Amino acid sequence: MPVTTVGILGSEDEQLELLQTLVDATAASRTVLKDPLAELDSFIRKVREIKPQVLLLDIPPRNHASALAAVERLHAEFPQTAIFASGDMMKRQIIVDAMRAGACEFLDRPPSTHSLIEAFSRLSATRRKPGDDANRGRVITVLNAKGGCGATTVAVNLAVSLNETHGKAALVDLAPIGHAALHLNAKPNFGVLDALQNCHRLDSSLLDGFVTRCDSGVHLLAAPPVPTPIKPSEDEVSRLFDLMVNHYKYVVVDLSSRLDPLVRMVCAFSDTILMVAETDMIALLWNAARVQSYLGEASSREKVRLVLNRFRKTPEFSDADAEAAADARILWKIPSQYFVVGNAIDRGTPVALQKNTDVARSFRGLASVVAQDQSRPARRLLNSEYASRIRAFST
């Protein structure tokens with residue numbers, strides 16, 4: 001593991017010396033800066049010059065308010081820098097306040113070398129490594145051309161099919177009223193809202209605690225149990241998906257009929273966007289065009305593919321008509337087997353797990369096509385560059 005540079009802010013000289021000794025003893029990190037809490041302004045100036053990768057703050061049992069204020073200020077000044085807080089692990093409210101202020105790790109006071117090494121390892125696991133793009137997972141976003149076209153059914157069965165034969169898959173339910181758990185017969189305790197609210201300290205271990213392991217093998221990051229407004233920042237969305245593509249080979253996102261700034265953020269991060277429609281003029285000519293227009297630059301034309309659900313061939317509506325109306329190329333057609341799919345949803349057993357129906361074979365075929373398409377038409381945007389682009393989309 002590469003050596004991590006650390007800046008330390010302590011309440012007193014003895015604590016500063018102890019923290020430096022512990023940090024340097026890990027062999028995974030080295031102290032490049034240390035200052036007393038009273039000299040916060042000077043510390044901030046030095047951080048700008050030296051740019052340590054981690055800021056370690058001591059939170060004393062008494063007068064912890066000034067230390068928590070320093071955490072908040074440092075997080076505002078250096079939002080991309082990891083902040084570790086060291087305090088009394090028995091004081092739950094202080095832990096919560098430190099995390100809310102911007103700390104991504106809370107360690108005992110004083111921390112052990114073992115806990116420091118583990119914290120540095122978690123940080124290292126969440127960092128993006130240059131040249132690792134080929135090993136990162138792919139994000140496939142599914143949304144409706146209009147309400148009721150079946151985006152959730154497509155997303156669930158695509159995730160199941162990918163997980164079964166192509167690699168580890170996760171399903172993120174961002175539908176306004178999420179039904180993915182119903183399709184998978186899952187009873188989640190946590191979900192996507194918890195992940196987004198804890199992005200400042202999110203790592204692989206915490207993400208594992210938020211996902212639900214379904215009987216199908218898919219890991220579900222579920223929607224809230226009741227409709228809840230989700231208004232994360234660009235950095236929070238970026239951090240969540242950046243972590244997920246390092247954890248899963250495929251990340252399928254169900255946006256259903258959602259149309260808000262979150263949709264643009266997710267689509268900007270996606271490798272492939274599947275627009276689900278039925279072969280009717282309202283879904284294709286009116287709604288699909290409006291969705292394309294709303295997504296704008298976030299859904300560069302190369303990323304959007306059309307999936308025709310409940311497909312029945314009609315002589316008056318050709319493939320060329322559908323593609324022209326939606327301004328997108330047809331990727332796949334899923335046959336209409338309403339009762340088979342409906343019964344599978346009622347039982348909470350994804351239809352893709354069946355072996356002897358046309359619709360199950362069709363979902364497995366869609367998964368194969370998606371898995372074979374390894375092109376990345378639009379470079380994934382991260383961190384400040386990603387955030388600035390999303391702000392441009394939202395204005």
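Any chance the stretch 206-218 includes a residue that's in the same structural domain as residue 253 (by TED's automatic domain parsing), within 20 Å of residue 305 (Cα to Cα) and polar (S, T, N, Q)? Within the stretch 206-218, none of the residues are in the same structural domain as residue 253 (by TED's automatic domain parsing), within 20 Å of residue 305 (Cα to Cα) and polar (S, T, N, Q).
For the stretch 56-70, the set of residues classified as buried (at least 18 other Cβ atoms within 10 Å of the Cβ) and not small (Gly, Ala, Ser) consists of 56, 57, 58, 59, 64, 68, listed by residue number.
Can you spot a residue in the stretch 128-140 that is among the hydrophobic types (A, V, I, L, M, F, W, C), at pLDDT 85 or above and assigned by TED's automatic domain parsing to the domain that holds residue 273? Yes; the residues of the stretch 128-140 include at least one that is among the hydrophobic types (A, V, I, L, M, F, W, C), at pLDDT 85 or above and assigned by TED's automatic domain parsing to the domain that holds residue 273. The set of residues in the stretch 191-218 being surrounded by fewer than 16 Cβ atoms within 10 Å (Cβ to Cβ) and in contact (Cβ under 8 Å) with a residue 24 or more places away in the chain consists of 204, 205, 215, 217. Among the residues making up the stretch 221-242, those that are aliphatic (A, V, I, L, M), touching a helix residue (DSSP H, G or I) at 6+ places or on another chain (Cβ under 6 Å) and under 24 Å from residue 160 (Cβ atoms) are 221, 222, 240. The set of residues in the stretch 321-354 being in contact with a Lys or Arg (Cβ under 8 Å, 6 or more places away or on another chain) and either free of Cβ contacts under 8 Å to residues at least 12 places away in the same chain or at positive phi (or both) consists of 327 alone. For residue 119, the stated conditions do not hold, so it cannot be described as at pLDDT 90 or above and hydrophobic (A, V, I, L, M, F, W, C). Strands (runs of 3 or more DSSP E) fully within the stretch 18-105 that include at least 1 residues being outside the structural domain of residue 236 (by TED's automatic domain parsing), under 29 Å from the mean Cα position of the chain (by Cα) and within 24 Å of residue 236 (Cβ to Cβ): 54-58, 82-87.
Examine the stretch 147-154 for a residue that is hydrophobic (A, V, I, L, M, F, W, C), assigned to a loop (DSSP other than H, G, I, E, B) and at pLDDT below 95, and state whether such a residue exists. Yes, the stretch 147-154 contains a residue that is hydrophobic (A, V, I, L, M, F, W, C), assigned to a loop (DSSP other than H, G, I, E, B) and at pLDDT below 95. Of the residues 160, 172, the single one that is at pLDDT 95 or above, assigned to a strand (DSSP E or B) and not hydroxyl-bearing (Ser, Thr, Tyr) is 172.
Here is a yes/no grid of residues against (1) outside the structural domain of residue 234 (by TED's automatic domain parsing); (2) modelled with pLDDT of 80 or more; (3) part of a helix (DSSP H, G or I):
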position: 285; (1), (2), (3): no, no, yes
position: 294; (1), (2), (3): no, no, yes
position: 330; (1), (2), (3): no, yes, no
position: 340; (1), (2), (3): no, yes, yes
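Restricting attention to the stretch 21-55, the residues being surrounded by fewer than 18 Cβ atoms within 10 Å (Cβ to Cβ) and of a type in the set (S, T, N, Q) number 2. The set of residues in the stretch 219-245 being in a loop (DSSP other than H, G, I, E, B) and buried (at least 22 other Cβ atoms within 10 Å of the Cβ) consists of 223 alone. Taking the stretch 246-267 as the range and being assigned to a loop (DSSP other than H, G, I, E, B) and surrounded by fewer than 24 Cβ atoms within 10 Å (Cβ to Cβ) as the test, the residues that pass are 249, 257, 258, 259, 260.
The values are calculated or read from the model by the stated rules, or taken from the named source; none is laboratory data. Note that the structure is predicted; figures quoted are calculated from it, not measured. Methodologically, a virtual Cβ is constructed for each residue, glycine included, from the backbone with ideal geometry; neighbour enumeration extends over all protein chains shown.
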